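Structure first, then comments.
The values are calculated or read from the model by the stated rules, or taken from the named source; none is laboratory data. The structure presented is a predicted model; accordingly, all values stated were derived computationally and were not measured. Reconstructed Cβ throughout: ideal geometry from the backbone, glycine too, with neighbour counts over all protein chains shown. Each accessible area value is taken on the protein alone, full model and side chains, heavy atoms only, with ligands, DNA and RNA left out. Shrake-Rupley method; radii C 1.70, N 1.55, O 1.52, S 1.80 Å.
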Amino acid sequence: MSERGRAAGWFETRRRGTRRWWDGARWTEHLSVRGRETTLAEDRRAVRRQLILTELVLVTLLVGSILIALWSALPVVVVRPMIVATGTALLLVPLVISRQLRLVALPARRPGVPTLR
């Protein structure tokens, strides 16, 4: 059966909890994220806002940890793990978020789900 012959409907994407609308001939920009309908552009904006907020919190935590390490009586052994963990999170969070943004546009790899082509 050709993909153009598939009935219109919501199909799973590769991002958990997200479905995308197939109009019977092609994928549309419409998404359903955990039951809430939106578009790809709106979803990307929402995810980017979350990324910015997360990055601001992590930067604040990193700066606070460094300041505590410099001006407190706490030994460096106590503060160093916090600095390393926060720095690692600052590097990894954008990579994870950008991967999620790519996955939402891709249909799931399951039988009966039309491919992106």
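The set of residues in segment 17-49 being open to solvent by 30 Å² or more (accessible area, probe 1.4 Å) and assigned to a strand (DSSP E or B) consists of R19, W21, E29, H30, R36, E37, T39.
Among the listed residues L67, L53, L91, identify the single one that is more than 25 Å from the chain's Cα centre (by Cα) and loosely packed, with under 12 Cβ neighbours inside 10 Å. The unique qualifying residue is L67. For A85, the conditions (1) open to solvent by 50 Å² or more (accessible area, probe 1.4 Å); (2) more than 18 Å from T13 (Cα to Cα); (3) within 14 Å of the chain's Cα centre (by Cα); (4) not β-branched (V, I, T) all hold with the exception of (3).
Total residues in segment 1-16 satisfying the condition of being over 13 Å from P107 (Cβ atoms), at pLDDT below 90 and outside any helix (DSSP H, G or I): the figure is 4. In segment 100-117, which residues are exposed (fewer than 12 other Cβ atoms within 10 Å of the Cβ) and either of a type in the set (K, R) or part of a strand (DSSP E or B) (or both)? Those that are exposed (fewer than 12 other Cβ atoms within 10 Å of the Cβ) and either of a type in the set (K, R) or part of a strand (DSSP E or B) (or both): R102, R109, R110, R117. Of all residues in segment 74-98, those that are of a type in the set (D, E, K, R) have Cβ atoms under 9 Å from Cβ atoms of residues that are at pLDDT below 85, 6 or more apart or on another chain, in R80/S65; R80/A69.
For the condition touching a Leu at 6+ places or on another chain (Cβ under 8 Å), in a helix (DSSP H, G or I) and not aromatic (F, W, Y), what is the one hit in V57, V93, V79, V63?
Working: V57 fails: touching a Leu at 6+ places or on another chain (Cβ under 8 Å); V79 fails: touching a Leu at 6+ places or on another chain (Cβ under 8 Å); V63 fails: touching a Leu at 6+ places or on another chain (Cβ under 8 Å).
Answer to the check: V93.
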